[in-house]
Structures are given as structure tokens and as C-alpha cells.
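Participant: My structure is below; once you've seen it, I'll send some questions.
The values are calculated or read from the model by the stated rules, or taken from the named source; none is laboratory data. Please read these numbers as outputs of a predicted model, since none were measured by experiment. Areas reflect the complete protein model, heavy atoms only, side chains present, ligands, DNA and RNA absent. Shrake-Rupley method; radii C 1.70, N 1.55, O 1.52, S 1.80 Å.
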Amino acid sequence: MRKIRDIELQKMIAEGILQKDCAEHFNVSTAAICQRLKKISSRKLPNSFKKLTTKERDFVLAKADGFNNKDAVKLAYDVSTDASAKSFATILMRDPDIKTAIHDLMHTEGIGRRRRIQRLR
């Protein structure tokens, strides 16, 4: 079973792709897509998100989903090479607004530091 990636799902829905087609893409049931969309819409984003651009928000959400820095940049931005994604990720992770947004989102979702470290392993 393939994990449903929130950013990718939101982009597909915004482009007008049907939930049935999204379910086939992620290899899950349409009910799973519907539940995920409800969870995404009910998610209250922290106030620190107001300072971020749309792409920076996508980057933070990808980080919260468990992606590493390079893959989160690839999902959020149009980056052509791994080297540029890695260097851009380094720049983004130095931004205090992004650090605060990641911390606030993890706290809101109830994901503690210990659990984050375990997920990364």
C-alpha cells in the first residue's frame, strides 16, 4: 500500500482530478482518499504559517509528513537536480520562520521530538 502524500493529493484535487482517480494513483480505496481529505480540511494550521509563502508551507507540510529535506524541496518547489534541492533545503532550514512553523505544526499534530527522531530512523 502506498502512503497518501497530502501535498500531492491536494494538488491533484486542485487540478480537478476525481477522488476515484486519486485513489488509483495512490493504490488505496476512495474511502481512504475521502477520509484523508476530511482530515486535511479539518487541520488547523498554526499562526506561524501566516508568514510563509505557499511553497514554503508545502515544504513544511512535507517535512511534517516525514520526508527528508531534499525530498520535501522536490515536492514543494520545481527543482531539477538533487544537488540544487539539497542546497535549497539547507537555505530553507536556516530560516527561523520555517523552523518555527515546523515546530508549531509538530506540536499541533502531537508529534513529539522523540517520535520524529524514530520516524527519521
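Participant: Excluding residues on the same chain fewer than 8 positions from Lys86, give the lysines whose Cα lies under 20 Å from its Cα.
Facilitator: List returned: Lys55, Lys63, Lys70, Lys74, Lys99.
Participant: Can you tell me the Rg and Dmax of the range 25-105, counting just the alpha carbons, in angstroms?
Facilitator: Cα-based Rg and Dmax for the range 25-105 come out at 13.9, 39 Å.
Participant: On average, how much accessible surface per residue is there in the range 1-102, in Å², for a 1.4 Å probe, leaving out ligands, DNA and RNA?
Facilitator: 60
Participant: Further, regarding this structure: Students sometimes get this wrong: rank Asp65, Asp6 by accessible area, probe 1.4 Å, all chains present, largest first.
Facilitator: Asp65, Asp6
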